[in-house]
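The values are calculated or read from the model by the stated rules, or taken from the named source; none is laboratory data. Since this is a predicted model, take the numbers as computed values, not measurements. Cβ placement follows ideal geometry from the backbone for every residue including glycine, while neighbour counts extend to all protein chains displayed.
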């Protein structure tokens, strides 16, 4: 390991690898190929914006993982992963976005060299970056291997956070609060939306004290007025308007760990329907936080939230949360558990979620959310500490 | 179309659709399913950070394209695409990151409803987001369809830019210059790297005059000293040091159009090997710009660059550029043409590239790059206008 300031102890990586190997053994896997950049980083410490080309980590039962990627990124691997340099394998640049070659040809050769060309190898079938072509190429190049779906196998190992991880998320939460405070202070009618986003980025990357800010896996989302019916609009150069509600969904990020957080701001006097929605939403959030305790199920949070909303005549079609932690774009969710009525995952201490019951209606939207930690007993702890309400600026 | 300020005329979208349909006809396709968010936006105007769930555009020969995605994002589609609302199809939230359902089951039903369940349908086999599982699910659900690889079919239609597109790239270039000027003004030994990045984001999103800044498809890359051997490291909270070279690869972004640009800065007195590399690199860039003319091939640029570098004893293993324009994360390249010795694509007026001969050596790096436009005759035009050199701050 040559990282001058690694985010985690070696014991932490040993813990992660042991958990992953146990899950591999349970699935009868000889090896696991991980292309998800968040899983790569979680297992090895690998950092870098190189996930736009094929790369991955090959996890074995009886030897250290192998980092595999583009030659020029092997330099970044040598600087960031805990394994020794002989576990770093770069492929030639001629494979990159080629019309005649595919990087998976190189990976297949590496797998053969490792002696597992006839093995049972897990792959992340539904991950970004592990493309259909990557899979088809690997299948063709390894005719004697059995490639089995191990999608989210590593993601599930990430669900319960260690104390080292929770400490980073707490730092991320301080940044989320700092950014939100800046928004509340600065927003006013007539301010161009991008000018406020410029400040959001400034605060997020400056960080808090010695805790410098990293880029979040999703950019700030801040639709206003009728646009707030669309949860994933970003920003433009239009001014904030009096009489409109804007939600600010964003996340502080520290060493790739996130604490996504959202508050909504109304400029002017909010209409009654919005105040009623706020009241129901806050009641639902509080009920959900109480249900978010070890031993309960993921679905219990969703059901607790739904009751007061339904009483207010608000029907949400969408899940109301997902696990959070270490992430690379395009998602700060972990894609394992979903807070929805059909998810019976038992909640455990150390699990962390973005509890985010966004309301995206026909012509308005409202979001008040909390990043939460499941504790040993009692209701969930919120990572952020800001009033749980619709903010109003007259 | 309900976008209050669309980036393009309807004629521009008609042009794009006509080109794409011609390419589909040449490939014998009845339909084309496009999951690449850049291709989706290029064809329909769709905007939003929703590409972390499955979504796409179904292109047909004799009817308007169909936007397909998550129910909650259909609101965003209604606000941004040019097609009428009846061409927007949302799928239920229970398909999102489900352990028992896959969104492609819904897409298959839509394809069947469209009457092409037995058709020859192009898919983007090696695109981010079109996962292996997405493809396998579609294959299983559409047993009578022929799914054929149409990877980068749309990307190739994007290669020659219209005047409307070039105008947006020129605005992005003004932002790239503005950000670079801010770096040169502010960087100094002892400044924390993230504090400079905070300013970079501030300048990039503020934009220039009325031209507000959007987020770039890649975050700023700015490794220093020995870390500059690794092209894709981002930033941390360490201070800039005297005696170190840092490259700043970044892009202004306007309405999702990019002008990636890089200059390197040395703090203190640069060593001779770096000055020699700079001289060879600038000579190579200038030779490459002369070779970058309509009628020549992509490879001619790479070969022109290589000669002076080889004379200086510098061997680059990597391609030296790629097409640029409209992009969403994780890449601001278009993944069609590569500036490398084996690429014989004939250059045409209106093609745009990031000509980026990064030098990533064992323990140092240097990048001086230019976003360029192939013109009707003569050498390429540079979108940015800043001295082509290693900047030195004593």
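Within the stretch B:121-156, the residues that satisfy the criterion of being more than 9 Å from chain A (Cβ to nearest Cβ) and out of contact with any helix residue (DSSP H, G or I) (no Cβ under 8 Å at 6 or more places or on another chain) are B:139, B:140, B:143, B:144, B:146, B:148.
With the structure loaded, tell me whether residue A:387 is surrounded by fewer than 24 Cβ atoms within 10 Å (Cβ to Cβ) and touching a helix residue (DSSP H, G or I) at 6+ places or on another chain (Cβ under 6 Å) or whether it fails that test. When the stated conditions are applied, residue A:387 does not pass them.
Number of residues in the stretch B:122-170 that are within 27 Å of the chain's Cα centre (by Cα), surrounded by fewer than 21 Cβ atoms within 10 Å (Cβ to Cβ) and part of a strand (DSSP E or B) equals 4. Counting only residues that are surrounded by fewer than 22 Cβ atoms within 10 Å (Cβ to Cβ) and at positive phi, which one in the stretch A:196-245 is farthest from the other protein chains (Cβ to nearest Cβ)? Ranking the qualifying residues of the stretch A:196-245, first place goes to A:243. Checking each residue in the stretch B:70-100 for being closer than 17 Å to residue B:133 by Cβ and either facing another protein chain (nearest Cβ under 10 Å) or part of a helix (DSSP H, G or I) (or both) picks out B:70, B:94, B:95, B:96, B:97, B:98, B:99, B:100. When the stretch A:157-185 is limited to residues that are within 13 Å of another protein chain (Cβ to nearest Cβ) and touching a helix residue (DSSP H, G or I) at 6+ places or on another chain (Cβ under 7 Å), the one that is farthest from residue A:372 (Cα to Cα) turns out to be A:182.
Being within 11 Å of another protein chain (Cβ to nearest Cβ), more than 15 Å from residue B:123 (Cα to Cα) and buried (at least 23 other Cβ atoms within 10 Å of the Cβ): is that true of residue B:7 here? Against the criterion (within 11 Å of another protein chain (Cβ to nearest Cβ), more than 15 Å from residue B:123 (Cα to Cα) and buried (at least 23 other Cβ atoms within 10 Å of the Cβ)), residue B:7 does not qualify.
From the list A:279, A:294, A:318, A:304, the one residue that fits, being modelled with pLDDT of 95 or more and within 22 Å of the chain's Cα centre (by Cα), is A:294. Would you confirm, using the coordinates I've provided, whether residue B:241 is assigned to a loop (DSSP other than H, G, I, E, B) and in contact with a helix residue (DSSP H, G or I) (Cβ under 9 Å, 6 or more places away or on another chain)? So residue B:241 passes the test. Does residue A:323 satisfy the condition of being at negative phi, modelled with pLDDT of 95 or more and over 24 Å from the mean Cα position of the chain (by Cα)? Spelling it out, it is not the case that residue A:323 is at negative phi, modelled with pLDDT of 95 or more and over 24 Å from the mean Cα position of the chain (by Cα). Residues that are over 14 Å from residue B:65 (Cβ atoms) and buried (at least 16 other Cβ atoms within 10 Å of the Cβ) within the stretch B:10-22 comprise just one, B:12.
Of all residues in the stretch A:293-316, exactly one satisfies the criterion of being under 22 Å from residue A:250 (Cα atoms) and in a loop (DSSP other than H, G, I, E, B), namely A:316.
Taking the stretch B:326-353 as the range and being more than 13 Å from chain A (Cβ to nearest Cβ) and out of contact with any helix residue (DSSP H, G or I) (no Cβ under 6 Å at 6 or more places or on another chain) as the test, the residues that pass are B:346, B:347, B:348, B:349, B:350, B:351, B:352, B:353.
Is it the case, given these coordinates, that residue B:127 is in contact (Cβ under 8 Å) with a residue 24 or more places away in the chain and over 30 Å from residue A:323 (Cβ atoms)? When the stated conditions are applied, residue B:127 does not pass them. The residues in the stretch B:301-313 that are farther than 17 Å from residue B:350 by Cα and buried (at least 19 other Cβ atoms within 10 Å of the Cβ) can be counted, and the count is 6.
Put simply, of A:69, A:45 the only residue that is free of Cβ contacts under 8 Å to residues at least 60 places away in the same chain, within 19 Å of residue A:114 (Cα to Cα) and either under 22 Å from the mean Cα position of the chain (by Cα) or crowded, with 24+ Cβ neighbours inside 10 Å (or both) is A:69. The single residue among A:51, A:33 that is touching a residue at least 60 places away in the same chain (Cβ under 8 Å), part of a strand (DSSP E or B) and within 14 Å of chain B (Cβ to nearest Cβ) turns out to be A:33. Listed conditions (1) within 30 Å of the chain's Cα centre (by Cα); (2) away from every other protein chain (no Cβ under 12 Å) are all met by residue A:118, apart from (1). The residues in the stretch A:257-284 that are buried (at least 24 other Cβ atoms within 10 Å of the Cβ) and farther than 12 Å from residue A:176 by Cα can be counted, and the count is 4. Based on what the data block shows, is residue A:348 surrounded by fewer than 18 Cβ atoms within 10 Å (Cβ to Cβ) and within 19 Å of the chain's Cα centre (by Cα)? The answer is yes for residue A:348.
Only one of B:248, B:266 is farther than 17 Å from residue B:215 by Cα, assigned by TED's automatic domain parsing to the domain that holds residue B:312 and assigned to a strand (DSSP E or B); which?
B:266
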